[in-house]
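Chemist: Got a structure for you, questions after.
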Amino acid sequence: MFRVPKDHDGAGVICPACHYLLNLPGAESKRVPVRVTNDDAPKTLVPQPRDKKSNKPIVSRPLSKEDTLPAAQPALSGPDGQKRVRRKKQLPQAGLEWERKPSTKPEAPDNPMMWIVAGSLLGLTVVGIGAWLVIDSIDKDDPPADPVASLPSDASTEPLTIDEDQMTDEEKRRQQEIADSVKTGMSVLTDAEAVVRQYLNAKTPAELEALVRTPEVTVPRMRAWYAQEKWETPGAKDVGYGGRVTVKGVMASMAVRLNDYSIKQIALENTPDGYKVDWESWVAWSAMPWEDLFKKRPIDPVEVRVHCSLDSYYNRLFDDDNKWVAVRLEHPDSDRAIYGYIDKESPALMRMLGDLRNRGSVAATIKISYPEDSVAKNQVYINEYLQSGWVRPSADEESESTPAEDKSKDGK
């Protein structure tokens, strides 16, 4: 595209790009340009301008400098009498569209979906790390507390590397006791694991009878219990969960993780026939089902296994806090609590009161009874503190402690 002065009408001009002579017809000219073919030149349209008067070909001439200048504008007279020439402002011509070079750096689209995806991935990563930390902390939790001294099963049985010449006889004796205890704990975990797994994977209550201690006492209790309660196989995922075994004499205890991922404590006795499970502590056995206590309100003492904690509920027959100490009694299989009351003048219950004040909460085996004129379903006497914990003592321990306990009993 280029401009040609007006005085070139009816004449020819050389194209500055292709250098061909171009015919510029005048307003009165109706001649059609002739298509000429030159065998030596590239095939294209070659105009043949001619002069109107002589009908001779027009000799081409190049554009002069004056030809390219814009046409003169009329002069305007200003207020001071001077002539001013108004010139049209020359605007820069934009290049042709196909001549524009595309940008080498593509413009990044402002796409919000990219931010949403990136934020989602970051959130999933944070949640995954948090879940891993929670699961890892759960696996490191300590198993349920047990009244017997705990021994780590992974502890080394090698004696401490201390020069024996620098140790006193008491230190040597203590070191040997520790080594023996650790060895005993590891042996218990190895020998008792098969019994515990067999017990937890039993399909019927009848399969349990050969696995429990003191079957002459426990089996009748089991049969009466499972006549009302349906046996459900708990299954065992991890025996000795947390790597802890507690040993006291012939009694041992360890934590197990069941198929439902709950953690529970199981106690065993080392008998001549091998390790046997303490069934009463496993089910928190009571002489009367917990819910039946609210209905029947027995006035004769009933043995129960409960969690005990000090309370401040004083009401009805037990409204005098100078005479009674209120204790909240809870069973693991029920949400309903019973309030038991210790007579402050009973010497047999001072040991229980001392344990409660020292520890705040204890798992205990006790005997309770309702007053004859009871008007409440959830208030009872605490008649006897049998023991701290739910595991019944072995025969040897029971025979040693019976005389002393008989002298101190003062059941109401």
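The values are calculated or read from the model by the stated rules, or taken from the named source; none is laboratory data. Owing to the predicted nature of the structure, the values given are computational and were not obtained by experimental measurement. Note that we place each Cβ from the backbone using ideal geometry, even for glycine, and neighbour counts take in every protein chain shown. Side chains included, ligands, DNA and RNA excluded: accessible areas come from the protein's heavy atoms. Shrake-Rupley method; radii C 1.70, N 1.55, O 1.52, S 1.80 Å.
Chemist: When you go through ILE368, ILE299 one by one, which is the residue that is at pLDDT 95 or above, over 30 Å from GLN198 (Cβ atoms) and part of a loop (DSSP other than H, G, I, E, B)?
Modeler: Selected residue: ILE299, the only one of ILE368, ILE299 that is at pLDDT 95 or above, over 30 Å from GLN198 (Cβ atoms) and part of a loop (DSSP other than H, G, I, E, B).
Chemist: For the stretch 314-334, how many residues are open to solvent by 60 Å² or more (accessible area, probe 1.4 Å), outside any strand (DSSP E or B) and without any contact (Cβ under 8 Å) to a residue 60 or more places away in the chain?
Modeler: Applying the first criterion (open to solvent by 60 Å² or more (accessible area, probe 1.4 Å)) to the stretch 314-334 yields 314, 316-317, 319-323, 328, 330, 332-333.
Next, only the ones that are outside any strand (DSSP E or B) stay: 314, 316-317, 319-323, 332-333.
Those still in the list that are without any contact (Cβ under 8 Å) to a residue 60 or more places away in the chain too: 314, 319-323, 332-333.
Count: 8.
Chemist: Before we move on, is VAL302 within 24 Å of ARG392 (Cβ to Cβ), of a type in the set (A, V, I, L, M) and in contact with a Cys (Cβ under 6 Å, 6 or more places away or on another chain)?
Modeler: Working: within 24 Å of ARG392 (Cβ to Cβ): yes; of a type in the set (A, V, I, L, M): yes; in contact with a Cys (Cβ under 6 Å, 6 or more places away or on another chain): no.
For VAL302, the condition - within 24 Å of ARG392 (Cβ to Cβ), of a type in the set (A, V, I, L, M) and in contact with a Cys (Cβ under 6 Å, 6 or more places away or on another chain) - is not met.
Chemist: Here's a follow-up. Would the stretch 118-139 turn up any residue that is touching a Phe, Trp or Tyr at 6+ places or on another chain (Cβ under 6 Å), at pLDDT 70 or above, closer than 30 Å to LYS237 by Cβ and part of a helix (DSSP H, G or I)?
Modeler: Checked the stretch 118-139: no residue is touching a Phe, Trp or Tyr at 6+ places or on another chain (Cβ under 6 Å), at pLDDT 70 or above, closer than 30 Å to LYS237 by Cβ and part of a helix (DSSP H, G or I).
Chemist: Output the residues belonging to the stretch 335-378 that are among the small types (Gly, Ala, Ser), surrounded by 17 or more Cβ atoms within 10 Å (Cβ to Cβ) and within 24 Å of PHE294 (Cα to Cα).
Modeler: GLY340, ALA363, ALA364, SER369, listed by residue number.
Chemist: Checking THR233 against (1) outside any helix (DSSP H, G or I); (2) of a type in the set (Val, Ile, Thr); (3) buried (at least 20 other Cβ atoms within 10 Å of the Cβ), only one condition comes out false. Which one?
Modeler: Unmet for THR233, out of (1) outside any helix (DSSP H, G or I); (2) of a type in the set (Val, Ile, Thr); (3) buried (at least 20 other Cβ atoms within 10 Å of the Cβ): (3).
Chemist: Given the residues TYR241, TYR199, which is the only one that is closer than 26 Å to VAL304 by Cβ, surrounded by 14 or more Cβ atoms within 10 Å (Cβ to Cβ) and modelled with pLDDT of 70 or more? Walk me through it before giving the result.
Modeler: Working: TYR241 fails: closer than 26 Å to VAL304 by Cβ.
Only one candidate qualifies: TYR199.
Chemist: Please go through the stretch 202-221 and give me each residue that is among the polar types (S, T, N, Q) and open to solvent by 50 Å² or more (accessible area, probe 1.4 Å), ordered by number. Show your work before the answer.
Modeler: Pass one, the stretch 202-221, residues among the polar types (S, T, N, Q): 204, 214, 218.
Matches in the stretch 202-221: THR204 only.
Chemist: Now for a separate question. Could you list, in sequence order, all residues of the stretch 282-293 that are in a helix (DSSP H, G or I) and open to solvent by 10 Å² or more (accessible area, probe 1.4 Å)?
Modeler: TRP282, VAL283, TRP290, GLU291, ASP292 - these are the residues of the stretch 282-293 that are in a helix (DSSP H, G or I) and open to solvent by 10 Å² or more (accessible area, probe 1.4 Å).
Chemist: For GLU209, are the conditions met, namely being outside any loop (DSSP other than H, G, I, E, B), at pLDDT 65 or above and more than 30 Å from PRO289 (Cα to Cα)?
Modeler: no
Chemist: Which count do you get for residues in the stretch 255-281 that are more than 27 Å from the chain's Cα centre (by Cα), among the hydrophobic types (A, V, I, L, M, F, W, C) and part of a strand (DSSP E or B)? Steps first, please.
Modeler: Within the stretch 255-281, the first condition is being more than 27 Å from the chain's Cα centre (by Cα), and the residues that meet it are 266-281.
If we keep only those that are among the hydrophobic types (A, V, I, L, M, F, W, C) as well, we get 266-268, 277, 279.
If we keep only those that are part of a strand (DSSP E or B) as well, we get 266-268, 277.
Matching residues across the stretch 255-281 total 4.
Chemist: Only one residue in ALA252, ALA224 is on the phi < 0 side of the Ramachandran plot and surrounded by 19 or more Cβ atoms within 10 Å (Cβ to Cβ), so which one is that? First the steps, then the outcome.
Modeler: Numbers: ALA224 fails: surrounded by 19 or more Cβ atoms within 10 Å (Cβ to Cβ).
Only one candidate qualifies: ALA252.
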